[in-house]
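Notes for the one structure printed next.
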Amino acid sequence: MATLLGRIFGKSEKRAVGVDIGSSAIKIVELYTDSGHVFLETYGSVALGPYADMEVGRATNLNKDKMQDALQKIIEESGCGAKESAVTIPFNASLVSVIRLPKVSESRLDQIIPNEARKYIPADLDEVTLDWSVIDANLDMPVDNEEGTDTRPGEGAKDEKASGVEKIDILLAAIHKESIERYKKILSDVSLNVSLFEIEVFSALRSVSPIEGSAPVAIIDIGAASSKIYIMEGGLMRSSHTVNRGSQDITTSISKVMDISIEEAEMVKRAIGAGGSYVHLQEAIHNVLERLFAETLRFIEAYENKGSRMVDRVIITGGGSSMKGLEKVAKDHLKKNISIAKPFDRVKSFPFMKEKLIQVGPEFAPALGVALRAVGVEE
Ligand SMILES: Nc1ncnc2c1ncn2[C@@H]1O[C@H](COP(=O)(O)OP(=O)(O)OP(=O)(O)O)[C@@H](O)[C@H]1O
Ligand SMILES: [Mg+2]
């Protein structure tokens, strides 16, 4: 907490709400700063399923109006009073690459990067918003994207010393303008001004417990329809992968095996989870988790095989990680140090809320992370 306070100390006081529009739920977290501390004002989530005539916990694809209704509802219910907001952009609506360029001034980089970006971003540059930052970390290992493309900065990296030209690594992110415009409209219609957009992985990273040291860490975000795995090393995202399996598959599996409705299955999943003794229920849950963790392990091992360092630590976030008993199942399958994210640990709240915030915390990782940035906490 000391560094966190240090970072915002002296800055003027701020208030903002972080908004994370997921496929199954919208999550909001309102924070404010006071005398150098970051406080939780309120938080809330609204399931989107019912807005699409589906059950709670299901992934949806809502139109703008329905999305707005849902957002309005959660703003009212939670008593959110912020006027400034910060919004996460889904990972699949963005492109992230690492590029290596000659070391020049920042203003010169502003000119060079759009040109260079053409080589790395497979989209019309007029249709995307580019954001970039200089990476300090040493990048001698592969950075690859979902398709497994090796975006190791430039083949010329090996010849750098010989040529004598000093180079720097740039993390380049592109977001479709269309997504940004769509979110801006939704937010402005509920009277929120958007002060920043951020790709969800970077928001979530800010709010999971600080990642110390340079050893690789895997972060798994278990959402409704899919799960995302990110590998961080030396403070940088090196690799990512989407698994087409999420927590709603557990619900569907329970519903089939136990011959109960989706709604009942969702309730059973949340109430009992992976630790219960009813054999059929456990089978239904474990079947899905087994596949999810097998694919996770394959991805982690492929990463480890490309470099020399082992991924020892895995942090799990997303609503799916709130399921009882999940930590143990993950440990059994992955054989790594597993922890479930506790994003609210990063902010001050009333002591009586602590236990609840640990319980519901994982699904709020992106909303909380982007809100932290909006009130001035960058890391
Ligand atoms: N306590 C709980 N126990 C078990 N599952 C839970 C619990 N709370 C939420 N979930 C499940 O988590 C899923 C939603 O997680 P989350 O809100 O992180 O997804 P999302 O952000 O909407 O999805 P995505 O990020 O893929 O767009 C739902 O399928 C829901 O059933
Ligand atoms: Mg999500």
Any idea which residue in the stretch 13-28 is modelled with the lowest pLDDT, counting only those that are surrounded by fewer than 21 Cβ atoms within 10 Å (Cβ to Cβ) and more than 8 Å from ligand 1 (Cβ to nearest atom)? Glu13
Go through the stretch 187-246 and give me each residue that's more than 15 Å from ligand 2 (Cβ to nearest atom) and small (Gly, Ala, Ser). Ser188, Ser191, Ser195, Ser209, Gly213, Ser214, Ala215, Ala218, Gly234, Gly235, Ser239
Only helices (runs of 4 or more DSSP H) wholly contained in the stretch 286-379 count here; list those with 1 or more residues that are at pLDDT 95 or above and more than 30 Å from Arg15 (Cα to Cα). 326-334
Quick check on this structure: which one of Tyr43, Tyr32, Tyr51 is outside the structural domain of Arg118 (by TED's automatic domain parsing), touching a helix residue (DSSP H, G or I) at 6+ places or on another chain (Cβ under 8 Å), in a strand (DSSP E or B) and not basic (Lys, Arg)? Tyr43
Over the stretch 224-242, the set of residues under 20 Å from Glu301 (Cβ atoms), buried (at least 21 other Cβ atoms within 10 Å of the Cβ) and within 11 Å of ligand 1 (Cβ to nearest atom) is Ser227, Lys228
Hey, Ile272 touching a helix residue (DSSP H, G or I) at 6+ places or on another chain (Cβ under 9 Å), within 14 Å of ligand 2 (Cβ to nearest atom) and not aromatic (Phe, Trp, Tyr) or not: no
Gly57 versus (1) part of a loop (DSSP other than H, G, I, E, B); (2) away from ligand 1 (no atom under 12 Å from the Cβ); (3) small (Gly, Ala, Ser): which is the lone unmet condition? (2)
Mind counting the residues in the stretch 179-218 that are surrounded by fewer than 21 Cβ atoms within 10 Å (Cβ to Cβ) and modelled with pLDDT under 90? 8
Run Val279 past the list (1) among the β-branched types (Val, Ile, Thr); (2) at pLDDT 95 or above; (3) farther than 30 Å from Ile180 by Cβ and report the number of the one that doesn't hold. (2)
So, Leu31, is that one within 14 Å of ligand 2 (Cβ to nearest atom) and surrounded by 16 or more Cβ atoms within 10 Å (Cβ to Cβ) or not? no
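So that you can scan it fast, the table gives a plain yes or no per residue for (1) surrounded by fewer than 19 Cβ atoms within 10 Å (Cβ to Cβ); (2) more than 10 Å from ligand 1 (Cβ to nearest atom); (3) of a type in the set (A, V, I, L, M, F, W, C); (4) touching a residue at least 24 places away in the same chain (Cβ under 8 Å):
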position	(1), (2), (3), (4)
Ile222	no, no, yes, yes
Gln248	no, no, no, yes
Ser253	no, yes, no, yes
Arg270	yes, no, no, yes
Gly273	yes, no, no, yes
Pull up the stretch 302-320, narrow it to residues that are farther than 10 Å from Ile338 by Cβ and within 16 Å of ligand 2 (Cβ to nearest atom), then point me to the one that is surrounded by the most Cβ atoms within 10 Å (Cβ to Cβ). Thr317
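The values are calculated or read from the model by the stated rules, or taken from the named source; none is laboratory data. Small disclaimer: the values here were computed from a predicted structure and weren't measured. Every residue, glycine among them, receives a Cβ derived from its backbone with ideal geometry; neighbour counts consider all protein chains shown.
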